[in-house]
1. Residue check: is Val325 more than 19 Å from Met234 (Cα to Cα), surrounded by 17 or more Cβ atoms within 10 Å (Cβ to Cβ), in contact (Cβ under 8 Å) with a residue 60 or more places away in the chain and not charged (D, E, K, R)?
2. Across the stretch 80-105, which residue is farthest from Gln245 (Cα to Cα) among those that are β-branched (Val, Ile, Thr) and outside any helix (DSSP H, G or I)?
3. With the condition being touching a helix residue (DSSP H, G or I) at 6+ places or on another chain (Cβ under 8 Å) and of a type in the set (Gly, Ala, Ser), I'd like the helices (runs of 4 or more DSSP H) fully within the stretch 249-348 carrying at least 3 qualifying residues.
4. Keeping to the stretch 127-141, report how many residues are loosely packed, with under 15 Cβ neighbours inside 10 Å and not basic (Lys, Arg).
5. From Thr68, Thr81, Thr29, Thr75, grab the single residue that is β-branched (Val, Ile, Thr) and either under 19 Å from Val280 (Cβ atoms) or within 17 Å of the chain's Cα centre (by Cα) (or both).
6. What is the residue count in the stretch 239-254 for residues that are closer than 20 Å to Arg194 by Cβ and either crowded, with 19+ Cβ neighbours inside 10 Å or in contact (Cβ under 8 Å) with a residue 24 or more places away in the chain (or both)?
7. Can you say whether Glu32 is free of Cβ contacts under 8 Å to residues at least 60 places away in the same chain, more than 30 Å from Ile113 (Cα to Cα) and of a type in the set (D, E, K, R), as far as the supplied structure shows?
Amino acid sequence: MDEPVLHELGFYALAGQPESSRELLAEITDGEALGFGTAFISERYNKKEAATLCGAAAAVSESITIETAATNHNTRHPMVTAGYARTMQSLTDGRFVLGLGRGIARLQDAYGIDRITTAQLEDFVSIMRRLFAGEVIFGHDGPAGSFPVLHLDAELDDYLPMSLTAFGDNSLSLGGRCFDEVVLHTYFTDETTRRCVATVKNAAADAGRDPADVRVWSCFATVGNHLREEDRIMKTVGRLATYLQGYGDLLVATNNWDPAVLEAFRADELVAGFGSGFDVSATTEQLEHVATLLPDEWLAPAATGTPAECVDAIRGQFALGCDGVILHGATPTELMPIVAAYRAAAAS
């Protein structure tokens with residue numbers, strides 16, 4: 001690739017429900033060839049275990065940054081996570097960012113995984129920083145757990161970039177205090193995005209950091225009209241409906257949306273009886289019905305339409321204060337016309 005790397009743009013690998021985890025290999029290769037700066041890797045407990053996917057992404061790439069967004073700190077022992085991160089840093093020559101998040105409370109409760117607190121995350125970041133500085137940690141007893149000894153390598157003096165996928169004010173402020181990057185959520189309104197960026201940057205300043213050193217990523221649904229209609233409704237209506245199934249109260253409260261609409265959505269016969277995520281198994285006909293339950297303004301925070309219209313929407317995220325934009329919900333191949341239009345607009 002001869003064109004400059006677009007460090008300000010990222011994409012999610014294996015967006016949605018891939019048929020095979022091997023699809024990741026071509027997506028990383030294609031994304032790097034298109035010039036994306038970062039490939040984000042999410043985690044679901046099926047074919048998307050993050051550590052495995054990160055290793056595979058590292059093996060087929062040379063320049064793109066690989067970032068989890070997100071895994072959970074409490075599903076692996078700190079030494080396992082530290083070893084994973086250190087291995088990825090070595091494998092990629094420093095192109096790895098360890099991204100954490102709180103997880104989905106309903107799943108954590110179902111699986112018997114402890115819910116994650118702000119104090120735990122902050123304590124865990126401190127542990128990682130100390131381990132990557134070569135420290136031997138004796139008798140740690142804090143919110144992240146109690147550990148007799150933690151140690152990676154006495155000769156190690158490195159810095160591990162870390163990101164936080166954040167929703168609420170406590171998480172956003174934590175991101176500004178001690179993380180290097182913050183990843184926002186999809187379908188945030190302009191008002192919400194602007195407020196979230198300000199919360200992160202202000203928290204960084206209050207902690208004595210340069211706010212510019214904390215990168216805020218918009219996670220922006222990008223679904224151009226060059227895609228098939230059945231794919232577009234799955235990537236928009238299906239995706240938002242799945243979020244509402246998993247943590248609708250939080251998303252609605254964050255965006256100051258009408259909670260009565262969420263209650264009507266949940267009370268709908270199809271929604272109430274649907275046994276999985278809509279972005280997993282819903283038919284186009286079912287999604288067309290779900291679309292009647294969602295106000296247009298709930299689906300509006302997205303890049304849709306022609307490639308040029310998508311680019312205008314993407315650039316609008318930078319105008320809201322974001323430092324980077326993740327073109328969410330589509331593969332690099334599906335994003336090719338939009339990336340081309342983005343480069344053309346930047347050159348004009």
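1. Working: more than 19 Å from Met234 (Cα to Cα): yes; surrounded by 17 or more Cβ atoms within 10 Å (Cβ to Cβ): yes; in contact (Cβ under 8 Å) with a residue 60 or more places away in the chain: yes; not charged (D, E, K, R): yes.
For Val325, the condition - more than 19 Å from Met234 (Cα to Cα), surrounded by 17 or more Cβ atoms within 10 Å (Cβ to Cβ), in contact (Cβ under 8 Å) with a residue 60 or more places away in the chain and not charged (D, E, K, R) - is met.
2. At the first step, the residues of the stretch 80-105 found to be β-branched (Val, Ile, Thr) are 80-81, 87, 92, 97, 104.
If we keep only those that are outside any helix (DSSP H, G or I) as well, we get 97, 104.
Numbers: Val97: 29, Ile104: 11 Å.
Ranking the qualifying residues of the stretch 80-105, first place goes to Val97.
3. Numbers: elements: 259-267, 269-272, 278-281, 284-291, 296-299, 307-319, 332-347.
The qualifying helices (runs of 4 or more DSSP H) are 332-347.
4. Applying the first criterion (loosely packed, with under 15 Cβ neighbours inside 10 Å) to the stretch 127-141 yields 129, 133-134, 136, 138-139, 141.
Those left that are additionally not basic (Lys, Arg): 133-134, 136, 138-139, 141.
Adding up the residues that qualify gives 6.
5. Working: Thr81 fails: either under 19 Å from Val280 (Cβ atoms) or within 17 Å of the chain's Cα centre (by Cα) (or both); Thr29 fails: either under 19 Å from Val280 (Cβ atoms) or within 17 Å of the chain's Cα centre (by Cα) (or both); Thr75 fails: either under 19 Å from Val280 (Cβ atoms) or within 17 Å of the chain's Cα centre (by Cα) (or both).
Result: Thr68 is the single residue among Thr68, Thr81, Thr29, Thr75 that is β-branched (Val, Ile, Thr) and either under 19 Å from Val280 (Cβ atoms) or within 17 Å of the chain's Cα centre (by Cα) (or both).
6. Number of matching residues: 4.
7. When the stated conditions are applied, Glu32 passes them.
Listed here are the residues, each with its yes/no results for (1) under 20 Å from Phe124 (Cα atoms); (2) in a loop (DSSP other than H, G, I, E, B); (3) aromatic (Phe, Trp, Tyr); (4) in contact (Cβ under 8 Å) with a residue 40 or more places away in the chain.
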site: Ala154; (1), (2), (3), (4): yes, yes, no, no
site: Ser163; (1), (2), (3), (4): yes, no, no, yes
site: Asn170; (1), (2), (3), (4): yes, no, no, yes
site: Arg177; (1), (2), (3), (4): yes, no, no, yes
site: Thr186; (1), (2), (3), (4): no, yes, no, yes
site: Thr193; (1), (2), (3), (4): no, no, no, yes
site: Ala198; (1), (2), (3), (4): no, no, no, yes
site: Ala203; (1), (2), (3), (4): yes, no, no, no
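Quick note: the coordinates plus some simple rules give every number you see, no bench work behind them. Owing to the predicted nature of the structure, the values given are computational and were not obtained by experimental measurement. Backbone-built Cβ (ideal geometry, glycine too); neighbour counts: all protein chains shown.
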